Amino acid sequence: MASSSCQCLFGHRPFFHGESRFQSKTDLFSSTQPFTLEFIMNQNSVTTYPQKSLCSQVAALPDLGEFFWEKDPTPILDMVDTPIQLKNLSCKELKQLASEIRSEISFIMSNAHKPYKASLSVVELTVAIHHVFHAPMDKILWDDGEQVLCISLLTKTDANFKGPIYHATFFILNIFFHQIQTYAHKILTGRRALMHTLKQRKGLSGFTSRAESDYDAFGAGHGCNSISAGLGMAVARDIQGKKNRVVAIINNLTTMAGQVYEAMSNAGYLDSNMIVILNDSRHSLHPKLDDGSKMAINPLSSSLSKLQSSRSFRRFREAAKGITKRIGKAVHELAAKVDEYTRGMMGPLGATLFEELGLYYIGPVDGHNIDDLVCVLNEVASLDSTGPVLVHVITEDEKDSESTEEGTPKSCSLVSDCMSIKSSLRTFNDVLVEALVAEAERDKSIVVVHAGTGLDPSIKFFQTRFPDRFFDVGMAEQHAITFSAGLSCGGMKPFCIIPSTFLQRGYDQVIEDVDLQKVPVRFAISSAGLVGSEGPTQSGIFDIAFMACLPNMIVMAPSDEDELVDMVATAVLVDDRPICFRYPRIALFGNGSSLRNGTPLEIGKGEILVEGKHVALLGYGVMVQNCIKAQSLLASLGIEVTVASARFCKPLDIELIRELCQDHQFLITVEEGTIGGFGTHVSQFLALDGLLDGRVMWRPVLLPDNYIEHASPREQLDIAGLTGHHIAATALSLLGRYREAFSLMH
């Protein structure tokens, strides 16, 4: 089928160079220069170039002037607005479409400085899925992708803060940036024109989102949920007597999470008809590359996959089962063993695991061969009442478009750019690992357990220094916590490093296996607070509340890197109960001081940093920096402010709180957490101590009671009302200076 016939068939005219569906121009992709970040620093701000503007109009191909001519033509893709338009394309045209999508993703994402290789690896798979299945009637569920380094910065600075570290400039650093598999899916489901708005405020989500499109059957963010949700949809379909298909796509990182195997086991038991596609981008079912050999795709394996998926083979297999059952139990069991051994020899290592869980295994299939993918998926889609099927697809993350590899220099390598920038920035993760290495040199019982997706390069430093005392369990947070408890009971001092948003998945283990038994596990809670463009699925906003409510847990948060070092030293010495400390994605820019030895803190003891007489600001964690910014703003208005760093949420420094209430009429608590966190604990003490019965007026500044969507870190803090201006405006309102408070916010 020629492209011209496609034009007539779909009723859409392709758009070529010089044409546009936009009615107005935008400065998106206005530069062909390699990606650079330029910082213009003063005591209050950092400007980052280039800045991207959002486009408010829907269009497939914006008119980008001279730069637009560097983009490869996409005649078939220009005629595709919805997946239904893929149905009548030939395999040859599907291959061309896949090539155009790969070029489109490379062009948009490289110029937007976003990672995209995981999506490139599944372009052919995505095209084949939408060619065979009928979304949104058929439910297609994508799991979360992988992670690479990327950088986004936001200033948090004030030169009036006391101490050497506070004369540096502070940034919010998005050091982990999810690399998603669904960019091709978004392009094919009507969102091509808005791809440049990915992870920008009011733009497209980086993940699948039910609120964003009917083609996104289920939201993803943490991974490993697609099979569970898909199984629920399949069972609901069966109860309602419907016939639609359910397809769940998982990846290598997903296979490290326990929920996947729980879901597979339940799917095998319920025997509902659903399809699971394993995108094996690392050529091994083993989670570690070094431990698995490259899995080869050859004509024999391709033929076997087609045979396994064929209707005639499945019918013959089911008929053979029925015959052996009638002959006798012994013969049936023998035939089942022969079938298992035969399929085990034909398939790769690990294939029989899925069979044991009750999923019919098909594979491996070349994930970049459209013909094979369409053939296998068509056969699988045509099978009725055969139970769950797993299709093992081999893809390559390195597969990129030729235009990106050989064409004009549209962008420097994203990862290398980020790494070069990161090399000049010092993060909380860097400080944590340096402190842990120093402590581990002195104490042979210190071990590190890491859970979550991706491994920060700074954490790898500890792994290199102490390979026998470092354990990365991947997306197995529940196991990581109980494993750490076991290490502690065995006489070790485990530091369990888990991002805040992933710690939620192991909360039952925190309660039952750690806090209830008073096991001294030391939780280093990374990526705490808002995380900018990663949105609410990755934000670590609940840990203060759900950790501080535990009876035996010590809960603390550093306001700067020096306090983080001290808290590591403090945690080493606590051996009678669990302890945790949170820290955000912050780069400490401009501080070249060497790491000092940590000084253990007195448990439950805060510190007054700046003394005043009108208003007291009690900050928790890095929000102390914004309290200092507010203090500077208020000082210019003649208001003297006391700033204190609480350090501990549990136990509270009640003497410090009493002192602040005694010397000030107004007390404001500030935290980057939700209701039920630090401010709630302070208010509980104030009420029980009778301090709210007199002249003291208390106000909390915290995150609003709603999820904050993806935006830049600066925008998220502004939306949340956590900037220095917001804190200062709160103080002015307490003082009755409403006009000045309004002026400060506008």
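Counting only residues 5 or more places away or on other chains, whose amide H sits under 5 Å from the amide H of Y361 once H atoms are built in the peptide plane?
So Y361 has HN proximity to L390.
Using θ = phi - 60° and the Karplus curve 6.51 cos²θ - 1.76 cosθ + 1.60, what whole-Hz ³J(HN,Hα) does each residue of the stretch 81-94 get, with Gly and Pro shown as x?
Running phi through 6.51 cos²θ - 1.76 cosθ + 1.60 with θ = phi - 60° gives 10, 9, x, 4, 6, 8, 4, 9, 7, 6, 4, 5, 5, 5 Hz.
What is the sum of charges, Lys and Arg at +1 and Asp and Glu at -1, for the other residues whose Cβ falls under 15 Å from the Cβ of I554?
Numbers: positive: K493, K518, R522, R577, R582, K605, R647, K650; negative: D515, D543, E563, D566, D575, D576, E602, D653.
Computed value for this residue: 0.
Please give the peptides 479-489, 636-646 ranked by average Cβ packing (other Cβ atoms within 10 Å per residue), highest first, as a rough proxy for protection.
Numbers: 479-489: 21.7, 636-646: 19.7.
Highest to lowest by the protection proxy: 479-489, 636-646.
Which chymotrypsin sites (Phe, Trp or Tyr not before Pro) in the stretch 652-746 sit in a loop by DSSP (not H, G, I, E or B) and have at most 14 other Cβ atoms within 10 Å of their own Cβ?
Numbers: sites: F666, F678, F685, W698, Y707, Y738, F742; in loops: Y707.
When the chymotrypsin sites (Phe, Trp or Tyr not before Pro) of the stretch 652-746 are filtered for loop state and at most 14 Cβ neighbours within 10 Å, Y707 remain.
Report, by chain and number, residues whose modeled amide H sits under 5 Å from the one on A587, excluding near sequence neighbours (fewer than 5 apart, same chain).
Amide H to amide H, under 5 Å and 5 or more residues apart or across chains, A587 pairs with F171, I172, L173.
By average Cβ neighbour count within 10 Å, what is the ranking of 720-732, 255-267 from highest down? Walk me through the numbers before you get to the answer.
Details: 720-732: 22.5, 255-267: 20.2.
So the peptides 720-732, 255-267, ranked by packing, come out 720-732, 255-267.
Quick one: net charge of H134's neighbours, Cβ under 9 Å, K/R +1, D/E -1?
Values: positive: K87, R245; negative: D138.
Neighbourhood net charge equals +1.
We did not get these values from a lab; they are worked out from the coordinates using the rules stated. On a predicted model such as this, the values are computed, not experimentally measured, just so you know. Cβ atoms come from the backbone with ideal geometry, glycine included; neighbour counts cover every protein chain shown.
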